[in-house]
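The values are calculated or read from the model by the stated rules, or taken from the named source; none is laboratory data. From a predicted model like this one, the values you see are computed outputs, not experimental measurements. Heads up, the Cβs are rebuilt from the backbone with ideal geometry, glycines too, and the neighbour counts pull from every protein chain shown. For accessibility, only protein heavy atoms count, side chains too; no ligands or nucleic acids. Shrake-Rupley method; radii C 1.70, N 1.55, O 1.52, S 1.80 Å.
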Amino acid sequence: MKTSRLAFLSQMAHDFGGVVRFTVPGRTIYLVSEPLAARHILATNAGNYSKGLGQREATSLLGTGLLTADGAAWPPQRRALETLFNPARMADLIRGAIPAVEQLSSTWAACASEGKTTELIRDVKEVALRIIDNFLLAGGLASRISVTISKLRQFEHLVTAEVLSPWPSAPYVPFSRSARLRNVVADLHRIIDEVIEHCGAVGGDNVVTSLRREWSPTPDDDALRSQVATLILAGYETTAAALAWVWVLLDRHPKTALKVRRELQVELGGRVPTLTDVGRLAYTRAVVLEALRLFPPVWVLPRTAIHADTVSGFPIPQGTEVLISPYLIHRRPDLWSDPEAFWPERFLADRLQPRTPCAFLPFGAGPRSCIGSQTAVIEVVFAVAALAQRFRLTPAGRARPRPQPHLSLFPGTTLTMRVHAV
Ligand code: HEM
């Protein structure tokens, strides 16, 4: 479990089935990799489950924002924030994505012409954060993109270490994990407070104006901070991971890359895609969905049972920690033909598979499913379409990118790539 989390979880599901109880020091956990059991927990009986492992640690930054809120606190937040993600806002998403992707495109053009390499994980994180910034935060983070990413990375490392450790670290010992976590959170809160001030001052459609309009005219500072932190963290990491995997997979599958470029040539002919174009790029979209199937950025969904329950015939005691694994469900041979293969065609309209509910859940399911799912797919298809018309990336070193299951599933902590003009 410590050295190879995905292999350990895969082996357990393979050996023992779709609901497996295991213990790690200090905890008993139920691993769920059966789609109908996932549906029961996430949708049918969602009211009996609160957010699970990692909740306490995440709350230090996210407070009781949309991702972490439970019970009665959650529905009004979801209703208020949904207005920011409605279909009419998707044109704003593209407007904000254009300069972000153009900036990356200039960097890659310089790399291609000078024969220099680029750092893919940094690039995708920056572009994803710029897009979220333009779409939701009125550009308030623009001058703080790198420092925000660096602080968020420290936050993620500390939170992951804290969740995996059987011994919580002592909060008041200097340099302990929790002391470092407190400092990083304080730094991030300072950045977020400046963003909130910026959003309030410039007006228009952004998180702060929406919350004041739809939720409460005078939300307190902590409540605003929680929502802004939540949208930054939930919105940029996952999308960046998806983008990184698309580039890695296109390099590994040159025939697929060629098909993508052909579609882009026919539909766009070198133009920057519009929102309507994005809707027409069926093959590019299939590539993005297939990347999300093989490497779902949210690779486990943690829940805690509020009352005792029965899942697929197994008793689940009150207070049980459950991990539902999209990664394992997406690779079940009884649901997906040739599940380990990268085959985007399975997502084309005439081939859609499979029909079992919750067989494909990169965005979760039920009431707590991703508020930004439509945004994410449009954003990733747009970025891939705009960039793949001009560039091809190949790894600069010999190391094969491998899944790194941290908060999101990335193909590495860093990934140096050569950029080739096409
Ligand atoms: C490829 C990109 C993305 C993936 C794979 C993804 C995945 C997910 C998943 C699996 C959940 C459910 C978590 C659970 O049930 O515990 C979720 C929730 C959430 N996501 Fe995303 N997400 C993506 C992009 C985004 C974007 C772009 C935003 C916003 C800008 C966003 C904001 C949120 C929020 C706020 C929640 C909590 C929703 C609630 O509890 O009501 N996500 N996401």
> Using helices alone, what [θ] at 222 nm do you get for the chain, with -39,500 (n - 2.57) per DSSP H run of 4 or more residues, divided over all residues and rounded to the nearest 500?
Replying inline: -16500 deg cm²/dmol
>> Please list, by residue number, every one of the trypsin sites (Lys or Arg not before Pro) in region 326-360 that is coil in DSSP and has at most 13 other beta-carbon atoms within 10 Å.
In response: Arg355
>> How far apart, in nanometres, would the label points at Val272 and Asp338 be if each is projected 7 angstrom from Cα along the Cα-to-Cβ direction?
In response: 3.8 nm
>> Per residue, how large is the accessible surface of region 289-422? Use a 1.4 angstrom probe and give square angstrom.
In response: 42 Å²
> If you add up the charges near Leu415, with Lys and Arg at +1 and Asp and Glu at -1, over every other residue whose beta carbon is less than 12 angstrom from its beta carbon, what do you get?
Replying inline: +2
> Which length gain, in nm to one decimal place, applies between Gln103 and Ala142 when the Cα-Cα distance is subtracted from 0.36 nm times their residue separation?
Replying inline: 12.8 nm
>> Can you give the local net charge around Lys51? Use residues other than it whose beta-carbon is closer than 15 angstrom to its beta-carbon, Lys and Arg +1, Asp and Glu -1.
In response: +1
> In nm, to one decimal, how far is the Phe8 label point from the Arg280 one, both placed 7 Å along Cα→Cβ?
Replying inline: 5.0 nm
> For region 219-349, what class follows from the C-alpha gyration tensor (a ≥ b ≥ c being the square roots of its eigenvalues): rounded when a/c is under 1.5, otherwise prolate if a/b is larger than b/c, else oblate?
Replying inline: oblate
>> Above 28 Å lies some portion of the pair distances; for the chain, what is it as a whole percent of all C-alpha pairs?
In response: 49 percent
> Cα to Cα, under 29 Å, and not fewer than 8 places away if on the same chain: which lysines meet these conditions relative to Lys116?
Replying inline: Lys125, Lys151, Lys255, Lys259
>> What aspartates and glutamates does Lys2 reach when the alpha-carbon gap must be under 16 Å and sequence neighbours fewer than 8 apart in one chain are set aside?
In response: Glu162
> Points 7 angstrom from Cα along the Cβ direction at Thr413 and Thr117: gap in nanometres?
Replying inline: 1.6 nm
> Which net charge results when you count Lys and Arg as +1 and Asp and Glu as -1 among the other residues whose beta-carbon is under 12 Å from that of Ala359?
Replying inline: +4
>> Quick check: at a probe of 1.4 Å, how many percent of the accessible area of region 5-421 sits on carbon and sulfur atoms?
In response: 55 percent
> Between Thr310 and Ala396, 0.36 nm times their residue separation minus their Cα-Cα distance comes to what?
Replying inline: 26.0 nm
>> I need the shape label for region 98-230. Rule: rounded when a/c is under 1.5, else prolate if a/b > b/c, else oblate, with a, b, c from the alpha carbon gyration tensor.
In response: oblate
> Excluding ligands and nucleic acids, what accessible area in Å² is computed for Cys111 using a 1.4 Å probe, to the nearest 10?
Replying inline: 10 Å²
> Tell me, in nm to one decimal, what length is gained between Asp187 and Arg355 on full extension, where the rule is 0.36 nm per residue of separation less the Cα-Cα distance?
Replying inline: 55.9 nm
